[in-house]
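Visitor: Please find one structure pasted underneath; my questions will follow.
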Amino acid sequence: SSGSSIAHLDETTYQEGNINSLLTPQIGMGEAIHDPGPITVGIMKDISWPLSGAGSACTPPSNTNEEWFIWSSCTISTNVIRTGNVVVANFVTLTIESVGALDMDLAHLSLYIRSGGSVIIKNGGKIY
């Protein structure tokens with residue numbers, strides 16, 4: 001794209017509304033991006049940029065008050081206690097199975113599931 005550099009994603013490939021449009025060289029009027037998308041998260045990880053709340057794969061941040069941004073599909077098979085919000089990114093699946101549980105106060109916290117994301121509870125998994 002005109003005015004872009006090697007530091008941007010292609011505007012034609014990642015047009016407005018695409019999950020990975022954050023790092024394109026232009027932003028449209030009224031365009032709001034609330035989820036960086038898997039390509040941006042991958043780039044940030046590759047350059048060792050700290051991703052607050054990202055955890056590692058399916059491991060939440062050690063500070064239970066910190067927002068947990070789940071950027072890659074994963075499975076919980078243990079009890080995970082959170083006192084901060086949980087965000088499942090666009091087109092990412094969080095699976096809670098077996099003896100796994102997501103223990104969070106849903107009366108005061110939020111479990112955000114972004115566009116195309118999902119939470120699957122199977123084989124005895126729980127959210128409470």
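The values are calculated or read from the model by the stated rules, or taken from the named source; none is laboratory data. All values reported here derive from a predicted model rather than from experimental measurement. In this analysis, Cβ positions are derived from the backbone assuming ideal geometry, glycine residues included, and neighbour counts consider all displayed protein chains. All accessible areas refer to the heavy atoms of the entire protein, side chains included, with ligands and DNA or RNA removed. Shrake-Rupley method; radii C 1.70, N 1.55, O 1.52, S 1.80 Å.
Visitor: I'd like the residue in the range 59-73 that is of a type outside the set (Gly, Ala, Ser) and under 11 Å from the mean Cα position of the chain (by Cα) and, out of all such residues, is most open to solvent (accessible area, probe 1.4 Å).
Guide: My answer is GLU67.
Visitor: Working only within the range 57-73, note down all residues that are under 18 Å from SER118 (Cα atoms) and outside any strand (DSSP E or B). Break it down stepwise before answering.
Guide: Applying the first criterion (under 18 Å from SER118 (Cα atoms)) to the range 57-73 yields 57-60, 67-73.
ALA57, CYS58, PRO60, GLU67, TRP71, SER72, SER73 - these are the residues of the range 57-73 that are under 18 Å from SER118 (Cα atoms) and outside any strand (DSSP E or B).
Visitor: Taking the range 74-128 as the region of interest, how many residues are part of a strand (DSSP E or B), hydrophobic (A, V, I, L, M, F, W, C) and exposed (fewer than 15 other Cβ atoms within 10 Å of the Cβ)?
Guide: Residues in the range 74-128 being part of a strand (DSSP E or B), hydrophobic (A, V, I, L, M, F, W, C) and exposed (fewer than 15 other Cβ atoms within 10 Å of the Cβ): 2 in total.
Visitor: Please specify each residue of the range 25-58 satisfying the condition of being within 13 Å of the chain's Cα centre (by Cα) and modelled with pLDDT of 80 or more.
Guide: Of everything in the range 25-58, those that are within 13 Å of the chain's Cα centre (by Cα) and modelled with pLDDT of 80 or more turn out to be ILE39, THR40.
Visitor: Given the condition over 17 Å from THR64 (Cα atoms), charged (D, E, K, R) and touching a Leu at 6+ places or on another chain (Cβ under 9 Å), answer yes or no: does some residue in the range 117-126 qualify?
Guide: Kept after step one, since they are over 17 Å from THR64 (Cα atoms), are these residues of the range 117-126: 117-126.
Imposing the further condition that a residue be charged (D, E, K, R) reduces the set to 122, 126.
After this cut, where a residue has to be touching a Leu at 6+ places or on another chain (Cβ under 9 Å) as well, the list is 126.
Yes; the residues of the range 117-126 include at least one that is over 17 Å from THR64 (Cα atoms), charged (D, E, K, R) and touching a Leu at 6+ places or on another chain (Cβ under 9 Å).
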